Structures are given as C-alpha cells and as structure tokens.
Amino acid sequence: MKLVEIVWTDAINFPDKYTAEECAKMKLGDTRTVGYLIEETPEHVNTCSDHFLPVPGRADFVEQFGGVSLIPRGCVKSIRVVEDG
C-alpha cells in the first residue's frame, strides 16, 4: 500500500456568538493526514493509520484497516506519495 500525505481543508465550528465583522475575519485552516491509501474516487480519498495483513492459514485473520479517514475530494489540496510500497 502507498503511504501518502494529504493536505486538505476541514470544516471548523466556532461555538460562540460573533458579530458580522468577527465572522468576516474567520479563516479555514489546512489539515494534514498521513496514512495508507485505501482508495481514491471522484468523491473521496480513503486512508487508514493501521493495515492489518491476513495470516496465511487463518480464516479469522483477514485483511483489515484501522483508523480510517474518509476525506471529501473537494476538500483535498494535495496528495504526496511518501512511500510507494
């Protein structure tokens, strides 16, 4: 699996009350996710932090993924391959 770094813009919730002037000064920030690339589609990029490999001869130890992140494609600014393995 490829190890990738994704830079993307995430939604931010400001939980207080603000004036119009204060709201106009609010900015979105970038988020950086590093993980194993599961899939890319036109709608999203799917990564995981843990990739559990199947164990030969053990039907109960199948390939699994942990720490899954599903990032909307429209939020993605860049994808860089860190390691192509």
- Note on the structure: Close lysine pairs (the chain; alpha-carbon distance under 25 Å; 8 or more apart or on separate chains) counted at 5
- Query: Counting alpha carbon pairs within less than 8 Å and at least 6 residues apart, what relative contact order, in whole percent, applies to the chain?
  - Reply: 40
- Message: Among Val82, Ser69, Phe14, which residue has its Cα furthest toward the positive end of the charge dipole of the chain, with +1 on Lys/Arg Cβ and -1 on Asp/Glu Cβ?
- Response: Phe14
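Can you tell me the order of 35-44, 55-64 when each peptide is scored by its average per-residue count of other Cβ atoms within 10 angstrom, highest first? Spell out each step's value before the answer.
Working: 35-44: 14.0, 55-64: 8.6.
Result, highest mean Cβ count within 10 Å first: 35-44, 55-64.
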- Total charge of the residues flanking His51 in space, meaning their Cβ is under 15 Å from its Cβ, with Lys and Arg +1 and Asp and Glu -1, is -4
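No lab work stands behind these numbers, since they all come straight from the coordinates. Here the structure is a predicted model, which is why all the values come from computation and not from measurement. Heads up, the Cβs are rebuilt from the backbone with ideal geometry, glycines too, and the neighbour counts pull from every protein chain shown.
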